[in-house]
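Here the structure comes first, spelled out in structure tokens, and everything after it is commentary.
What follows is calculated from the coordinates using simple rules that are stated; it is not laboratory data. From a predicted model like this one, the values you see are computed outputs, not experimental measurements. Neighbour counts are summed over all protein chains in view; Cβ atoms, including those assigned to glycine, are modelled from backbone coordinates with ideal geometry.
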Amino acid sequence: MKRVKTREEVKKEDTWDLTDLYPNEKAYEQDLETIRANLKRIQTMKDTFLESADSFLACLDLEMQLDRMLTKAYIYAGLKLDEDQGNAKSQERKGKIEVLQNEAVQETAFITPSILKAGKQKIQTYLQEERFKDYRHTILDVLRYQEHTLSKEEEKILASYGNVFSSPDKTASYLRNVDLTFGTIENEQHEEVELTNSTYGKLMASSQRKVRKEAFERLHQGYASVKNTLSSTYESIVEADVVTARLRNYQDSLSMYLYGNKIDTKFYEGLIQKVKAKLPSLFSYFHLKKEILGVDELHLYDLYAPLVQESEKTYSFEEAKQMVLDALSILGEEYQSLLQKAFSERWIDIYPNKGKRGGAYSWGGYDGNPHVLLNFEGTMNDISTIAHELGHSLHSYYSVHHNCYQDHDYVIFLAEIASTVNEMLFYHYFLQHSKDKKEKLYVLNEMLDMFKATIYRQTMFAEFELKAHQIREQGEVLTQEALSDLYYKLNKEYFGNEVVVDQDIRYEWLRIPHFYTPFYVYQYATGLSVACYIAKNILEEKAGFKEKYLAFLKTGGRDYPLELLKVIDVDIANGTVIEDAISYMEELLEEFKKTYSEK
């Protein structure tokens, strides 16, 4: 068995370089001292900052500096902890910055209600001055919340309850990931493997049906054993949403969550309707899966079994790097040079080490480079992950370098677009250049599963959230039984007659962490749909489109997402982008069938 290296054993050139954030620990501590001093200073402005344009600008500048420094420090602390989550010093550093962040939220909570109390006329008079130009979008957005903002005192009270509101999520997380155990099962190599939330995915992709079935049943029966506790934590989340929406004068919880992006609730509901109208395309995929797996009945525990096993071939990081560069060269020299910069300037932490956080991500702020965490082991999936995460990184890099601090941060609604574009361009490149039928089928299967998981599954989750909140908003009680019945019914609708919807799936919703960030998951479906549109136009070399796409990456958060999408000629509200994405899935399904039948 291969021993996992400690952090100290990993070569320096294979780790990320965080000196772009802080050259040493002393510099980090100095920033914390400056933040604490500025928190005291901003409190002295509380009652006078709106007396003149000068005092207003001084307060906004100080708040911006505080936010910028806190974000930089928080990212640094988070990255250091993720290098080795067992490192006591890193744990302490992260804990301290979280406390400081919460303090900052409370100490600056007076700003928004004070602006709203002053009234639009007075504030807009200030904003007409040229020196306020970098704050115009931010402040006009604040004014938009006039009817949804409470008094200074009430806002501070709500802000101080931040940790209380996050308590259900923390409790559920500890229960799911620490306290709840599922025992061990025998894998296809006849080894006893501990069943956890982390190992579940791999076991569900097993070539042996017995392994999949046992993992499926054991995990969901484990969740069924704590169904009342986890139902209670989720009910608390929904209850907090319903009460907060009422206090803040929103029509309902969904309106409250969509308001920030200026998205109509009809768009959310329309996404669900359009995806459900295209369920026959998903059923066709299930029918193919049933045929290839050669089973009389296709059960839920069969859905993650790959139609083609991943090739045992592995790639070095240098090979993977070159494949990503070649696949994304279609985006032009400017984009290519930034990819080279990411590799040469050590934005990336490449290999696993003991205590390192699992998975992969890209994370960056206004200061320093974006940083990418990988756990590279040389598989095809690892290479597509590099392309995906660098899509995030370059989107962030462009946003930072073409916007002021106040306008650089793009919203979650747009966050998965650039990463998924890169992933799709990589897959297309690989399909064009690979001579290996098995590898091609594997990639096509991965793409089909992406559509199943991202458009259909996430939309089902979105409908579950909507109906759960509506039950409470209509004055009914959210019981465990009501929530589990709802989830089971939705599974029956989304999987249709091609799949046996096993009773254990009633308890799957209990293990979904995204439900503790309400009305979030629908953005995965919209993100993939827009990414399909972008990739298609780039691959077809539509005149001027590549330039439009790069211009879109540079927009950051200077406007609302539906407006920024117009830079690439997308009016996502009309629904055709979503329908076109599912049509692309249908094309991939036909390509899979054709390739599979080739001799």
query: Once phi is turned into θ = phi - 60°, what whole-Hz ³J(HN,Hα) does the Karplus curve with 6.51, -1.76 and 1.60 give for every residue of the range 515-532, x standing for Gly and Pro?
result: 5, 8, 10, x, 6, 10, 5, 4, 6, 5, 5, 5, x, 5, 4, 5, 4, 4
- prompt: If you take the charge dipole of the chain about its Cα centre, with +1 on Lys and Arg Cβ and -1 on Asp and Glu Cβ, which of 430, 524, 150 is farthest toward its positive end?
  reply: 150
- request: With only Lys, Arg, Asp and Glu charged, each at its Cβ (+1 for the first two, -1 for the last two), find how big the charge dipole of the chain is about the Cα centre; round to the nearest 20 debye.
  value: 240 debye
- request: Anything over 24 Å Cα to Cα? Flag those among 536/566; 46/156; 262/489; 452/546; 5/202; 274/467, in the order listed.
  value: 262/489; 452/546
Reachable lysines from residue 321, criterion Cα separation under 19 angstrom, eight or more residues apart if same chain: 11, 12, 313, 341
query: Quick one: in the range 243-313, what % of C-alpha pairs are over 21 Å apart?
result: 56 percent
field: For the chain, projected area of the alpha-carbon convex hull averaged over all directions, nm²
entry: 27.6 nm²
message: Can you give me the long-range amide H partners of residue 299? Hydrogens built in the peptide plane at 1.01 Å from N, cutoff under 5 Å, separation of 5 or more residues or another chain.
response: 500
statement: When 521, 99, 411 are arranged by how many other beta-carbons sit within 10 Å of their Cβ, fewest first, they go 99, 411, 521
task: Check the straight Cα-Cα distances from residue 89 and name the lysines below 19 Å, setting aside those fewer than 8 residues away within the same chain.
output: 26, 72, 80, 354, 356
statement: proj_area_mean for the range 447-572 (convex hull on C-alpha atoms), units nm², value 10.3 nm²
message: Using only alpha-carbon positions, what ratio does the radius of gyration of the range 283-383 give when scaled by 2.2 N^0.38 Å?
response: 1.47
- line: Within the range 321-409, DSSP-loop trypsin sites (Lys or Arg not before Pro) with at most 16 other C-beta atoms within 10 Å are 354
- request: May I ask you to list the aspartates and glutamates whose Cα is less than 14 Å away from that of residue 438, ignoring any residue fewer than eight positions away on the same chain?
  value: 310, 312, 446, 591, 598
query: How about the range 226-313: which GluC sites (Glu not before Pro) there are in a DSSP loop, with at most 15 other Cβ atoms within 10 Å of their Cβ?
result: 297, 312
- line: About its Cα centre, the range 423-541 carries a charge dipole, from +1 on Lys and Arg Cβ atoms and -1 on Asp and Glu Cβ atoms, whose size in debye to the nearest 20 is 240 debye
query: Using bins 5 angstrom wide from zero, how does P(r) for the range 318-371 break down, in % of all Cα pairs?
result: 4, 15, 23, 25, 21, 9, 3, 1
message: List the GluC sites (Glu not before Pro) within the range 465-557 that DSSP assigns to loop and that have no more than 11 neighbouring Cβ atoms inside 10 Å.
response: 476, 540, 541
- prompt: Once you sort the root eigenvalues of the Cα gyration tensor of the range 342-435 as a ≥ b ≥ c, which label holds: rounded (a/c under 1.5), prolate (a/b larger than b/c) or oblate (the other case)?
  reply: oblate
Relative contact order for the range 54-187, counting Cα pairs under 8 Å that sit 6 or more residues apart, in percent: 23 percent
message: Using 0.36 nm times the number of residues separating residue 92 and residue 51, minus their current alpha carbon distance, what extension gain do you get?
response: 10.7 nm
- request: Would you kindly work out the equivalent ellipsoid of the range 7-166 from its C-alpha gyration tensor and give its semi-axes, the square roots of five times the eigenvalues, largest first in whole Å?
  value: 36, 18, 14
message: With every atom except the alpha carbons ignored, what do you get for Rg and Dmax of the range 353-394, in angstroms?
response: 11.0, 32
- request: Give the long-range amide H neighbours of residue 371: residues separated by 5 or more places, or on another chain, with amide H under 5 Å away, using H modelled in the peptide plane at 1.01 Å from N.
  value: 363, 364
- request: Take 148, 371 and order them by how many other Cβ atoms sit within 10 Å, fewest up front.
  value: 148, 371
- prompt: Out of the DSSP beta bridges found with both residues in the chain, what percent are antiparallel (nearest 5)?
  reply: 65 percent
